[in-house]
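Worksheet: one structure, shown below.
Nothing in this text is a laboratory measurement; each read-out follows from the coordinates by a stated rule. Worth saying up front: this structure is predicted, and the values here are computed from it rather than measured. Positions of Cβ are backbone-derived with ideal geometry, glycine not excepted, and every protein chain shown enters the neighbour counts.
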Amino acid sequence: MRLNQAGVLLALGVAGCGPFIPVTKLTEVPPETMRDALNVRIVSAGSTSPKVTAYLGQVQGNSCKNMATDPPPTTNDALLRMRIEAARLGANVVMDAACNTSGTDTWGTNCWASVSCKGVAVKTAE
């Protein structure tokens with residue numbers, strides 16, 4: 001019984017090491033997807049919307065400083081990760097993009113600090 005409890009505690013401890021929010025590992029993104037992502041245009045919330053031919057869904061990108069040795073999160077990093085998600089859906093534009101910065105909210109994200117960007121992936125006639 002005591003061995004089972006130790007195993008459960010170890011598993012919970014290891015599971016708690018990563019962020020609780022989805023963070024795309026850039027090293028695992030295929031080169032073609034990265035190329036497509038870099039061609040996805042970002043349209044900020046409140047800007048003039050392009051002519052949309054298809055709505056593909058909401059996308060999100062997160063940049064997280066999970067460990068003390070991780071670099072600080074940046075808006076550009078979160079935007080890149082959001083563009084990758086949009087490219088995976090076949091989008092060429094992310095509309096209504098907005099980003100939020102969080103401080104030491106380790107309970108909700110397990111990040112020392114984080115930047116989260118959200119938007120709507122769309123196909124346009126461009």
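The table below gives the values:
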| item | result |
| --- | --- |
| Whole-Å semi-axes of the ellipsoid equivalent to segment 18-57 (Cα gyration tensor, √5λ, descending) | 25, 16, 10 |
| Phi to ³J(HN,Hα) by Karplus 6.51 cos²θ - 1.76 cosθ + 1.60 over segment 40-57, Hz, x for Gly, Pro | 6, 8, 9, 10, 5, 4, x, 7, 5, 7, x, 6, 8, 9, 7, 8, 9, x |
| Ranked by how many other beta carbons lie within 10 Å on average, peptides 91-97, 48-54, 23-29, 81-87 from highest | 81-87, 91-97, 23-29, 48-54 |
| Overall dimensions of segment 18-124 as given by Cα atoms, namely Rg and Dmax in Å | 13.9, 44 |
| Potential extension, K123-A45 segment - 0.36 nm per residue separation minus Cα distance | 26.4 nm |
| Amide H partners (placed H, <5 Å) of A113, local residues excluded | K65 |
